[in-house]
């Protein structure tokens, strides 16, 4: 099975969800900041970073697994990770080197990732005849260091009503002007800030996100879906969402869990070992 440490690039023209005019924090309306993509300063920074070769046309750090390495982490506007960022996020120079040379995604060691990959192969393909029918790629901030363009870096304005997260942001960024901060969220940043989601629950560590593509698995999951549907064992929510997610084109989670119990067990084991959600 193909296992790579960087998934397909996200083009700058991809759809971006703008921030609403107001957001809700514990039931109170708070004026939200404009999207980073609407900031002319970030646009200018992105253009300069592309001209300087810090990011490619898709906003990603140049390099590939086949080339054996990539450049120092920057976001899609050219913000370069600083020593203070690593300190706040709890990351070491060694972990960055592992990430740069595709030895391990953030939040793991090369030894852990090797074991994780081998056990995933066994869960997916211990008895398969054609391993090439399974394509596995890492996605998310543990693979790219920063989240995608739809997840902007928090600001003092967006953290109004969250005093703990606001204090930690100010401790982290100090007097750095907004135009010189990241545009996107670095790995584990919301968790380290102690930021709360819309329900008032603290954000946990960043996911370990695996993207698995396989026509064989889709066919098996479809057969399980039809079986569950005929037996009346699908929830109203599953039926409403359908077999294929309308927005993201993912196969229904219940169908995958029922069709591939070994994959579900694998993710639970590695969630416990790494202390973060694993999303195959």
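So what is the orientation-averaged projected area of the chain, using the convex hull of its C-alpha atoms, in nm²? Could you put the intermediate results ahead of the total?
Details: hull surface 64.3 nm².
Across all orientations, the chain yields a mean hull projection of 16.1 nm².
Can you tell me the 0 to 90 degree angle between the C-alpha axis of helix 163-173 and the longest principal axis of the chain, rounded to 10?
Computed tilt is about 70 degrees.
Helix 110-125 sits at what angle to the longest principal axis of the chain, using alpha carbons and giving 0 to 90 degrees rounded to 10?
Long axis of 110-125 versus the principal axis of the chain: about 30 degrees.
Mind giving me the nanometre distance, one decimal, between the label points for residue 86 and residue 226, set 7 Å out from Cα along Cα→Cβ?
Taking the two extended label points, one gets 5.4 nm.
Multiplying the sequence separation of residue 35 and residue 247 by 0.36 nm and subtracting their Cα-Cα distance, what value in nm do you get?
Working: separation 212, 0.36 × 212 = 76.32 nm, distance 2.09 nm.
Here the answer is 74.2 nm.
I'd like the orientation of helix 261-274 relative to the chain: the angle between its Cα long axis and the longest Cα principal axis, in ° from 0 to 90, rounded to 10.
30 degrees
To the nearest Å, what is the center-to-center distance of segment 200-267 and segment 51-74, using C-alpha atoms only?
So the two Cα centres are separated by 33 Å.
Can you tell me which of 264, 156, 227 moves the most in a GNM of the chain? Springs connect C-alpha atoms under 10 Å apart.
Comparing 264, 156, 227 in a Gaussian network model of the chain, the most mobile one is 227.
Highest mean first, how do 129-139, 55-65 rank when packing is the count of other Cβ atoms within 10 Å averaged over residues?
Values: 129-139: 14.8, 55-65: 16.5.
Put in order of decreasing packing, that is 55-65, 129-139.
With springs connecting C-alpha atoms under 10 Å apart, model the chain as a Gaussian network and identify which of 49, 36, 259 has the largest mean-square fluctuation.
In this elastic network of the chain, the residue with the biggest mean-square fluctuation among 49, 36, 259 is 259.
Looking at the square roots a ≥ b ≥ c of the eigenvalues of the Cα gyration tensor of segment 44-90, which shape do they give, rounded for a/c under 1.5, prolate if a/b is larger than b/c, or oblate?
oblate
Read-outs throughout are calculated quantities, based only on the coordinates presented, and are distinct from any laboratory measurement. All of these numbers come straight from a predicted model, not from anything done at the bench. With ideal geometry, Cβ positions are generated from the backbone for all residues, glycine too; neighbour counts draw on all protein chains shown.
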